[in-house]
């Protein structure tokens, strides 16, 4: 390795005489002083140490971008899957007339009627209509207790309504419940009837018991 040396001349003036002294030492190729050379060396070392950090930050930045790209791809796949699943599950007529299926109206209209309506019932059972007019059950539709009877109305001879269990049917409305209006007639059926069916004492179409008819059982009065 080539080692450069430089000679510096120092002139000393002791009194009136001049003396020249030569000093030989390492020489900076750029002719810098030793202090200046040390400063540049320090800066070069700092840059050398800083460079790997910059490279690491750039690499880290690219890694973060890679994660974001992966997340974006996953979200895009999820969005496509959601749109596809919605197209398969949600009916095509949904939202046609509002927030429900537009085709539901036609589907319901196409179903056979289950209820005949109280007008149809009263057209045949005029005797029951006369009884209901005498009591508070006049406002109760026939099928509220007897159930849907459209099939019976279409073929009365073949389709016969089943006899109601009044202990169950009457309790649906008249069983005591604190949520019901106080003016509405309520009983605790277990204590009130003693296990008997309601129509043992009451005529269902006119449930009020009259003094004149108390001697006659309700099952006979219905006949």
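Every read-out reported here was derived from the displayed coordinates using simple, explicitly stated rules and does not represent laboratory data. As the structure is a computational prediction, the values presented were derived from the model and not from experiment. Reconstructed Cβ throughout: ideal geometry from the backbone, glycine too, with neighbour counts over all protein chains shown.
General remarks:
- With R₀ fixed at 35 Å, the C-beta to C-beta distance from residue 96 to residue 73 puts the FRET efficiency at about 0.50.
- Applying 1/(1 + (r/R0)^6) with R0 = 25 Å to the Cβ-Cβ distance of residue 155 and residue 108 gives a FRET efficiency near 0.55.
- Cα-Cα P(r), segment 99-199, percent of pairs per 5 Å interval: 2, 10, 15, 17, 17, 13, 12, 9, 4, 2, 0
- Debye log10 I(q)/I(0) for segment 114-162, one point scatterer per Cα, at q = 0.17, 0.31, 0.32 Å⁻¹: -0.48, -1.27, -1.30
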